[in-house]
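A.B. asks: Handing you this structure, nothing more for now.
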């Protein structure tokens, strides 16, 4: 019998036919079941609830006695309540899974009649008597929905302000056009006045376009921030809540695993914040390069080695220098290191295993060429021209977490150093990103 289902059953002897209280694994799983933050409900193939944990009872407002032995559609609003038994019958008859093993967002009905949204994950299990049963894990997303609503309301408010500003600017343009018509009778002043009005009109249009762009950027930023920050924050919250459960030596491995998950999530959040801050500093002109002589071959070899030691997965990462002589150039090492680490991180993120990355250094006609070549998923041709725009992400990476700011930052940093960024890529065939910099400033 599945040990989870064994532990999730309130009357162990009656359900599995043996004294599980003597089984330390069963007691441990029972503790996990009863202390889980998410609700857990186990039903048979007729939809009757066999057991539920305290979190499930708290979510729906029922006691365990009120739930066990009752059809699970008690916890559903219509039309799901009336159709639930049909859902199970259809699955048992056809094997077609609409939600089992997939999970989706559904509404729940509390004892007082109120409803709330939750994420439902269902797994199929086999009971002792050979019948099929189902385990449902219920994650309340009411707070997430509340935050999403607040973000939508804020976005609506911002759009309203943009419309108001647009109307004000349109009225100002109309007033200027009226003034221009009145001045047509003054031949001697007309040309100067027309030029002045034309300039003011262009300035107003620029202001209007800027206002619209700011509105779009704010909307995209709010959407991106709410999505990208939610996953690592949820990871930190769930891992932090579980660490306290493992208070003995046997739980050390699990504690370390959750600590590593927290560390990874914090690194992700730090990277996101650094991207946002870098874009802000670049657009405000606060980053000024500090040029100094440097041996590029030595520096890039060292940075590549450090990256491989600290952040590398399985695969190969090679550094190749086209010449034996040292590359002495005038540049800002801090900015150049940021460029290289961004390109290496992207290469790892969008590569397929086994990962194969090659960093190359060469020079040509007084220029330094730094290239990062990977064997990743590549970039579709239609996305190439937009690849370095803020918040833009290629159509084939929607399943991979990211902000769409990395290549934008690399391009801006390369231009600060007096250089350029070029990209060669084909979908499913890898990419090569080349930063071209002058040897001498």
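A.B. asks: From the list 379, 397, pick out the single residue that is part of a loop (DSSP other than H, G, I, E, B), under 22 Å from the mean Cα position of the chain (by Cα) and at pLDDT 85 or above. Before you say what the answer is, go through the steps one by one.
C.D. replies: Working: 397 fails: at pLDDT 85 or above.
Unique residue meeting the criteria: 379.
A.B. asks: Residues 124, 194: which one is in a helix (DSSP H, G or I), modelled with pLDDT under 90 and out of contact with any helix residue (DSSP H, G or I) (no Cβ under 6 Å at 6 or more places or on another chain)? Spell out the reasoning first.
C.D. replies: Working: 124 fails: in a helix (DSSP H, G or I).
Within the list 124, 194, the selection yields 194.
A.B. asks: Do we find that residue 164 is surrounded by 12 or more Cβ atoms within 10 Å (Cβ to Cβ) and either assigned to a helix (DSSP H, G or I) or more than 36 Å from the chain's Cα centre (by Cα) (or both) in this structure? Before you say what the answer is, go through the steps one by one.
C.D. replies: Values: surrounded by 12 or more Cβ atoms within 10 Å (Cβ to Cβ): no; either assigned to a helix (DSSP H, G or I) or more than 36 Å from the chain's Cα centre (by Cα) (or both): yes.
Considered against the rule, which asks whether it is surrounded by 12 or more Cβ atoms within 10 Å (Cβ to Cβ) and either assigned to a helix (DSSP H, G or I) or more than 36 Å from the chain's Cα centre (by Cα) (or both), residue 164 comes out as no.
A.B. asks: Something else: Kindly indicate the residue of the range 172-188 that is in a helix (DSSP H, G or I) and modelled with pLDDT under 75 and also surrounded by the fewest Cβ atoms within 10 Å (Cβ to Cβ) among those meeting that condition. Give the derivation first.
C.D. replies: Keep residues of the range 172-188 that are in a helix (DSSP H, G or I), which gives 172-185, 187-188.
Narrowing the set further to residues that are modelled with pLDDT under 75 leaves 180-185, 187-188.
Values: 180: 16, 181: 9, 182: 9, 183: 16, 184: 11, 185: 8, 187: 8, 188: 6.
Looking at the filtered set, the residue picked out is 188.
A.B. asks: I would also like to ask the following. I'd like to check something: does the range 293-309 contain any residue that is at pLDDT below 75, loosely packed, with under 13 Cβ neighbours inside 10 Å and not assigned by TED's automatic domain parsing to the domain that holds residue 35? Before you say what the answer is, go through the steps one by one.
C.D. replies: So the first thing to find is which residues in the range 293-309 are at pLDDT below 75, and the list is none.
Within the range 293-309, not a single residue is at pLDDT below 75, loosely packed, with under 13 Cβ neighbours inside 10 Å and not assigned by TED's automatic domain parsing to the domain that holds residue 35.
A.B. asks: Is at least one residue of the range 78-88 in the same structural domain as residue 105 (by TED's automatic domain parsing) and touching a residue at least 40 places away in the same chain (Cβ under 8 Å)? Give the derivation first.
C.D. replies: Of the range 78-88, the ones in the same structural domain as residue 105 (by TED's automatic domain parsing) are 78-88.
Next, from what is left, pick out any that are touching a residue at least 40 places away in the same chain (Cβ under 8 Å): 88.
Checked against the condition, which is being in the same structural domain as residue 105 (by TED's automatic domain parsing) and touching a residue at least 40 places away in the same chain (Cβ under 8 Å), the range 78-88 yields at least one hit.
A.B. asks: Among the candidates 351, 345, which residue alone is in contact with a strand residue (DSSP E or B) (Cβ under 7 Å, 6 or more places away or on another chain) and either surrounded by fewer than 18 Cβ atoms within 10 Å (Cβ to Cβ) or modelled with pLDDT of 75 or more (or both)? Can you show your working first?
C.D. replies: Numbers: 345 fails: in contact with a strand residue (DSSP E or B) (Cβ under 7 Å, 6 or more places away or on another chain).
Sole residue among the options that is in contact with a strand residue (DSSP E or B) (Cβ under 7 Å, 6 or more places away or on another chain) and either surrounded by fewer than 18 Cβ atoms within 10 Å (Cβ to Cβ) or modelled with pLDDT of 75 or more (or both): 351.
A.B. asks: If you go through the range 22-74 one residue at a time, how many are assigned to a helix (DSSP H, G or I) and either closer than 24 Å to residue 129 by Cα or out of contact with any strand residue (DSSP E or B) (no Cβ under 6 Å at 6 or more places or on another chain) (or both)?
C.D. replies: Let us first name the residues in the range 22-74 that are assigned to a helix (DSSP H, G or I), namely 22, 24-35, 54-60, 64-67, 72-74.
Subsequent filtering for residues that are either closer than 24 Å to residue 129 by Cα or out of contact with any strand residue (DSSP E or B) (no Cβ under 6 Å at 6 or more places or on another chain) (or both) retains 22, 24-35, 54, 57-58, 60, 64-67, 72-74.
Counting residues in the range 22-74 that are assigned to a helix (DSSP H, G or I) and either closer than 24 Å to residue 129 by Cα or out of contact with any strand residue (DSSP E or B) (no Cβ under 6 Å at 6 or more places or on another chain) (or both) gives 24.
A.B. asks: Going through 121, 142 one at a time, which residue ends up being in contact with a strand residue (DSSP E or B) (Cβ under 6 Å, 6 or more places away or on another chain), crowded, with 16+ Cβ neighbours inside 10 Å and within 30 Å of residue 243 (Cα to Cα)? Break it down into steps so the answer makes sense when it comes.
C.D. replies: Values: 142 fails: crowded, with 16+ Cβ neighbours inside 10 Å.
Only one candidate qualifies: 121.
A.B. asks: Separate question: Scan the range 417-441 for residues that are over 28 Å from the mean Cα position of the chain (by Cα), loosely packed, with under 15 Cβ neighbours inside 10 Å and not in a loop (DSSP other than H, G, I, E, B) and report the count.
C.D. replies: So the count comes out to 2.
A.B. asks: Related question: So, in the range 109-139, how many residues would count as being touching a residue at least 24 places away in the same chain (Cβ under 8 Å) and within 27 Å of the chain's Cα centre (by Cα)?
C.D. replies: Result for the range 109-139: 7.
The values are calculated or read from the model by the stated rules, or taken from the named source; none is laboratory data. Since we're looking at a predicted model, the values are computed, not measured. Methodologically, a virtual Cβ is constructed for each residue, glycine included, from the backbone with ideal geometry; neighbour enumeration extends over all protein chains shown.
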